[in-house]
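Here is the structure we will look at.
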């Protein structure tokens, strides 16, 4: 009598997790709890036969012929097909004996790191701000307030949902939108670079509730949907004339009409990227002088030794 073969002990948890998630997706489709999506020019059904096309070795793994779970890269492809959120993706990774994607900090742990980020931000003699994983602005220093010409009280009065980098860039009601949007083509490249950065930094969060809520809200803003849909994270979104590797040039106009060209300096506090301090470094002498005029104490002899001349282009 033939005995039914079972997965190798090292693969049992992975096979069980895959089958559970695959069945959950099928039930969600049946109950109309999940919109129908396409896969390789056909509707995604999450059936066993279709899944075997995603991971052709799954029958051998399920029958015990394979003794090791798939590589991390293959697990990530499986998670993409199964439309996993971050929790489900980590379940797959752990069941296949791979390290999980570190969840973002929250609660008291986040608060502790924000306190440290504030100390760093106040120490840096440049306009600076703190952002979280969703690019919400958690705090700004007085030098940044000087550049955008608003008081601390006016900043605190900005609605919380508007204190977000993407929101600030695209929302005409943002108090500094007009300082960035004085040249549409330049603003467009700047906006697209920020969309690209947001997508890259949150590549595995597309099905997280906070991510869906943010993108849904931003889609109501002018030009956002067009740039969002046309910005792919596997494509180069910046023309070479606007790039000086490894930093990108950005521009803002102060309320007094001075133009400041800057590059962003990103300061992380540990091996996790957020919360993060972002500081603006002037890249030419005119921008350096404009910041000094605003009371920003950049050392008189300090200047980047590279591409300052490019900023006037």
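Key figures for this structure:
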| read-out | value |
| --- | --- |
| Whole-number Å³ per residue for the convex hull built on Cα positions in region 107-312 | 135 |
| Ranked list, fewest to most other Cβ atoms within 10 Å of each Cβ, for 267, 260, 168 | 267, 168, 260 |
| Relative contact order computed over the chain (Cα-Cα under 8 Å; 6+ residues apart), in percent | 16 |
| Within a Gaussian network of the chain (alpha carbon springs, distance under 10 Å), most fluctuating of 105, 214, 31 | 31 |
| 266, 113 arranged by Cβ crowding within 10 Å, fewest neighbours leading | 266, 113 |
| Per-q log10 I(q)/I(0), region 83-229, q = 0.11, 0.20 Å⁻¹ (Debye; single scatterer per alpha-carbon; no solvent) | -0.51, -1.36 |
| Cα-based shape type of region 88-166, given that a ≥ b ≥ c are square roots of the gyration tensor eigenvalues and the cut on a/c is 1.5 | prolate |
| Those residues of region 15-33 whose amide nitrogen sits under 20 Å from the label point placed on residue 74, 7 Å along Cα→Cβ | 15-23 |
| Order of 121, 281, 162 under a 10 Å beta carbon neighbour criterion, fewest first | 162, 281, 121 |
| Stokes-Einstein D in µm²/s, Kirkwood radius over Cα pairs - region 1-131 at 25 °C with 0.890 mPa s viscosity | 140 |
| Modelled FRET efficiency - R0 25 Å, residue 99 with residue 55, Cβ distances, 0.05 increments | 0.80 |
| GNM result for the chain, Cα springs below 10 Å: residue of 217, 207, 40 fluctuating most strongly | 40 |
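Laboratory data are not the source of any read-out in this text; all were calculated from the coordinates shown. From a predicted model like this one, the values you see are computed outputs, not experimental measurements. All Cβ positions, even for glycine, are placed from backbone atoms using ideal geometry, and neighbour counts span all protein chains on display.
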